[in-house]
Amino acid sequence: MKQQRHPLLAPLPGTARAVESFHFGPQGAGKIYIQASLHADEIPGMLVAWYLKQRLNELEQAGRLQKEIVLVPVANPIGLEQVLMDTPLGRYELESGENFNRWFVDLSEQVGDEIEASLGDDAQSNARLIREALSRALQAQQPTTQLQSLRLTLQRLACEAEMVLDLHCDFEAVEHLYTTPEAWPQVEPLARYLGSQANLLATDSGGQSFDECFSLVWHKLKLRFGERFAIPQGSFSVTIELRGQVDVNHALASRDAQAVISYLEHYGAIDSTPMEQPELLYPATPLAGVEPISTPVGGILVFCCVPGEYLEAGQLVAEIIDPLTDQVTPVHNEKPGLLYARSLRRMATAGMVVARIAGAQAYRSGYLLSP
Ligand SMILES: [Zn+2]
């Protein structure tokens with residue numbers, strides 16, 4: 001195991017932070033990148049990463065790693081320190097108000113311009129050209145803020161990876177994941193090992209999030225050059241939502257770490273016979289089919305169903321109670337689907353999304369993520 005330290009741009013004198021990465025396995029035979037807690041108040045992945053660190057170390061010493069595996073257990077030291085009046089605030093940077101997991105830089109056009117004259121008929125050598133050009137383009141970027149410096153550091157660490165796993169969690173939720181329709185056949189075994197209950201697919205959900213900043217480069221280059229040259233999908237990414245924010249315990253984390261290890265065995269990154277795949281708990285559905293259920297009024301939020309329940313259209317999801325007027329406002333879902341996540345708050349604000357349902361039919365378009 002090799003440990004590397006990547007200093008971030010210090011926003012103020014005396015406040016320097018760094019991202020630490022841990023590298024396992026042989027270099028040059030393919031790379032897998034795993035990070036945890038980019039949203040710094042989402043800790044389940046950090047504990048899974050801690051389990052993975054021990055396991056990968058053992059596997060490396062046993063000579064069983066077939067590819068390089070890069071692990072970043074604390075992907076967001078800036079957000080981790082944002083604790084305000086006893087409340088961790090790790091989703092948005094307090095300085096800018098920006099979501100930490102948005103606006104990773106899109107360099108696909110620049111990479112395309114740079115490699116166009118060198119592309120040929122061999123998919124492998126085109127893939128190598130793209131990886132090298134992307135890496136160079138990221139190295140040339142000059143961050144001017146600490147937040148940009150964090151995003152660039154993570155992007156540089158992961159840009160050459162063929163597989164990117166980004167460990168997050170929701171507020172209160174069952175295990176679920178996000179990936180692209182193109183990657184789903186490769187990702188499905190991971191969903192089985194994890195026991196993922198909602199598998200949400202989108203090619204471009206509009207926020208330039210960490211997972212999409214890699215898959216989209218290849219997707220866009222394929223759209224631009226695919227008719228003339230062999231452009232493979234050289235990288236796929238998965239955002240894994242490890243249940244809810246308080247689901248941090250040894251039983252779940254060791255189980256999830258084992259699921260990731262089983263998937264890496266299945267993928268061929270670890271030399272061993274992979275475990276048999278469990279059944280898929282819920283089919284993949286379009287991210288554009290997710291129904292965000294919002295309340296039209298504010299009040300005490302009393303849920304009438306739990307994450308993991310399948311709802312028919314028009315079921316009672318929650319009641320919003322105004323203790324001054326005694327008005328009770330029922331909140332229903334419009335579409336059928338699996339309720340996979342709900343809010344942690346119990347005082348709802350008018351217009352707030354209280355829960356999300358994975359429906360089978362795409363009906364939304366444009367920006368598909370939460371803020
Ligand atoms: Zn997150």
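The values are calculated or read from the model by the stated rules, or taken from the named source; none is laboratory data. Source: prediction; values computed, not measured. Counting neighbours? That spans all protein chains shown, and the Cβs are built from the backbone with ideal geometry, glycine included.
For this structure, a couple of remarks:
- Filtered by the rule that a residue be basic (Lys, Arg) and at pLDDT below 95, segment 331-366 gives a lone residue, Arg364.
- Unique match (being touching a residue at least 40 places away in the same chain (Cβ under 8 Å), closer than 30 Å to Gln61 by Cβ and assigned to a strand (DSSP E or B)) among Leu190, Leu242, Leu200, Leu252: Leu242
- Filtered by the rule that a residue be assigned to a helix (DSSP H, G or I) and among the charged types (D, E, K, R), segment 59-68 gives a lone residue, Glu60.
- Residues in segment 158-175 that are farther than 17 Å from Pro73 by Cα, part of a strand (DSSP E or B) and more than 9 Å from the ligand (Cβ to nearest atom): Glu172, Ala173.
Every residue, every condition in (1) surrounded by fewer than 16 Cβ atoms within 10 Å (Cβ to Cβ); (2) at pLDDT 95 or above; (3) in contact with a helix residue (DSSP H, G or I) (Cβ under 9 Å, 6 or more places away or on another chain), yes or no:
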{"position": "Gly207", "(1), (2), (3)": "no, no, no"}
{"position": "Lys222", "(1), (2), (3)": "no, yes, no"}
{"position": "Ser237", "(1), (2), (3)": "no, yes, yes"}
{"position": "Val260", "(1), (2), (3)": "no, yes, yes"}
{"position": "Thr285", "(1), (2), (3)": "no, yes, no"}
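Here is a yes/no grid of residues against (1) under 15 Å from Leu165 (Cα atoms); (2) within 16 Å of the ligand (Cβ to nearest atom); (3) assigned to a helix (DSSP H, G or I):
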position: Gln27; (1), (2), (3): no, no, no
position: Tyr33; (1), (2), (3): yes, no, no
position: His39; (1), (2), (3): yes, yes, no
position: Gly45; (1), (2), (3): yes, yes, yes
position: Val48; (1), (2), (3): yes, yes, yes
position: Lys53; (1), (2), (3): yes, no, yes
position: Asn57; (1), (2), (3): no, no, yes
position: Val70; (1), (2), (3): yes, no, no
position: Gly79; (1), (2), (3): no, yes, yes
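- Tabulated pairs, segment 305-323, first in the same structural domain as Arg342 (by TED's automatic domain parsing) and under 26 Å from Arg243 (Cβ atoms), second of a type in the set (Ser, Thr, Tyr) and part of a loop (DSSP other than H, G, I, E, B), C-beta under 7 angstrom, 6+ apart or interchain: Ile320/Thr295
- Among the conditions (1) of a type in the set (Phe, Trp, Tyr); (2) away from the ligand (no atom under 16 Å from the Cβ); (3) surrounded by 19 or more Cβ atoms within 10 Å (Cβ to Cβ), Tyr178 misses just one, which is (2).
- The residue that is nearest to the ligand (Cβ to nearest atom), counting only those in segment 233-284 that are β-branched (Val, Ile, Thr) and under 30 Å from Ile130 (Cα atoms), is Thr239.
- Flag if Gly90 is part of a helix (DSSP H, G or I), within 16 Å of the ligand (Cβ to nearest atom) and crowded, with 20+ Cβ neighbours inside 10 Å: no
- The residues in segment 298-340 that are assigned to a strand (DSSP E or B) and over 23 Å from Ala284 (Cα atoms) can be counted, and the count is 15.
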